[in-house]
1. Tell me which residues, restricted to segment 4-35, are assigned to a helix (DSSP H, G or I) and in contact with a strand residue (DSSP E or B) (Cβ under 7 Å, 6 or more places away or on another chain).
2. Could you pull out the residue among 169, 141, 164 that is over 16 Å from the mean Cα position of the chain (by Cα) and part of a loop (DSSP other than H, G, I, E, B)?
3. Residues in segment 193-203: is at least one in contact with a strand residue (DSSP E or B) (Cβ under 9 Å, 6 or more places away or on another chain) and either at pLDDT 95 or above or surrounded by 12 or more Cβ atoms within 10 Å (Cβ to Cβ) (or both)?
4. Applying the selection to segment 167-183, what residues are within 11 Å of residue 146 (Cα to Cα) and in contact with a helix residue (DSSP H, G or I) (Cβ under 9 Å, 6 or more places away or on another chain)?
5. Could you tell me whether residue 157 is closer than 13 Å to residue 30 by Cβ, surrounded by 11 or more Cβ atoms within 10 Å (Cβ to Cβ), free of Cβ contacts under 8 Å to residues at least 40 places away in the same chain and under 15 Å from the mean Cα position of the chain (by Cα)?
6. Which numbered condition trips up residue 180, out of (1) out of contact with any strand residue (DSSP E or B) (no Cβ under 8 Å at 6 or more places or on another chain); (2) free of Cβ contacts under 8 Å to residues at least 12 places away in the same chain?
7. Identify, please: which residue in segment 36-46 is outside any loop (DSSP other than H, G, I, E, B) and exposed (fewer than 13 other Cβ atoms within 10 Å of the Cβ) and is, among those, farthest from the chain's Cα centre (by Cα)?
8. Residue 177 passes all but one of (1) at pLDDT below 95; (2) more than 16 Å from the chain's Cα centre (by Cα); (3) at negative phi; which number fails?
Amino acid sequence: MAHIREMTEADIDAVAEVRVRGWRSAYAGIVPGPYLDALTVEEDAARRREWFTRPLRRSLDLVAVAPGSGAADTAGPGGGADGTVVGWLAAGPCRDELPDGDGAQGTAGEVYALYVHPDRVGEGFGHALLTAAHSRLAERGHGSAVLWVLRDNHPARRFYARAGYQEDGAARDDVYDGVELTEVRCRRPLPPPPRPPFGPADHRPAR
């Protein structure tokens, strides 16, 4: 069973490993091979560290930890007594500043990125990360969530559709090593945050 927790600075190397392995697996045949081959865990970790420690960071960073099995888990990136980091998700306020929709006030939340180590895809870690992110975004006051996915990444599009996301018609292009690729935007409503427990004021008799 996946354990979802907030990322710490100690997780940066493990997250970089997940990201690079995730890119190479998910985008093979979509993003040009030389671009993927040039990715390194060391460079990604350096960028993650700069990004994670920047002042006034507003992003929510979650990691999925697979249950540990003792000392063997400490052998590689992400290993530890409590398990191994096998997935990472970043979310926060929508960068497009989209309204929540349906007349709601405020802006939508956004899932910026979600990666699971390719050896652990299909075990529920991505779903657990996404579910936790939806709850955290709702607690921050967002009524809906958006994300961008490559149009040609059909497995990811099916995954997000099963999670309740629908394409909203928006698209944008990005260029990787001279190859133009299109991303489509998906959106879904978020469940309302849980109500706080009753306090003394909630039990006052009606007048």
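1. Of the residues in segment 4-35, the ones assigned to a helix (DSSP H, G or I) are 9-26, 33-35.
Correct list: 11, 14, 15, 18, 19, 22, 35.
2. On the way: 169 fails: part of a loop (DSSP other than H, G, I, E, B); 164 fails: over 16 Å from the mean Cα position of the chain (by Cα).
Criteria check complete, one pass: 141.
3. In the first step, residues of segment 193-203 are kept if they are in contact with a strand residue (DSSP E or B) (Cβ under 9 Å, 6 or more places away or on another chain); the result is none.
Looking for residues that are in contact with a strand residue (DSSP E or B) (Cβ under 9 Å, 6 or more places away or on another chain) and either at pLDDT 95 or above or surrounded by 12 or more Cβ atoms within 10 Å (Cβ to Cβ) (or both), one finds none in segment 193-203, hence no.
4. Result: 167, single match.
5. On the way: closer than 13 Å to residue 30 by Cβ: yes; surrounded by 11 or more Cβ atoms within 10 Å (Cβ to Cβ): yes; free of Cβ contacts under 8 Å to residues at least 40 places away in the same chain: yes; under 15 Å from the mean Cα position of the chain (by Cα): yes.
Yes.
6. In the conditions (1) out of contact with any strand residue (DSSP E or B) (no Cβ under 8 Å at 6 or more places or on another chain); (2) free of Cβ contacts under 8 Å to residues at least 12 places away in the same chain, residue 180 misses (1) alone.
7. 37
8. (3)
The values are calculated or read from the model by the stated rules, or taken from the named source; none is laboratory data. If you're wondering where the values come from, they're calculated on a predicted model, not measured in any experiment. Neighbour counts are summed over all protein chains in view; Cβ atoms, including those assigned to glycine, are modelled from backbone coordinates with ideal geometry.
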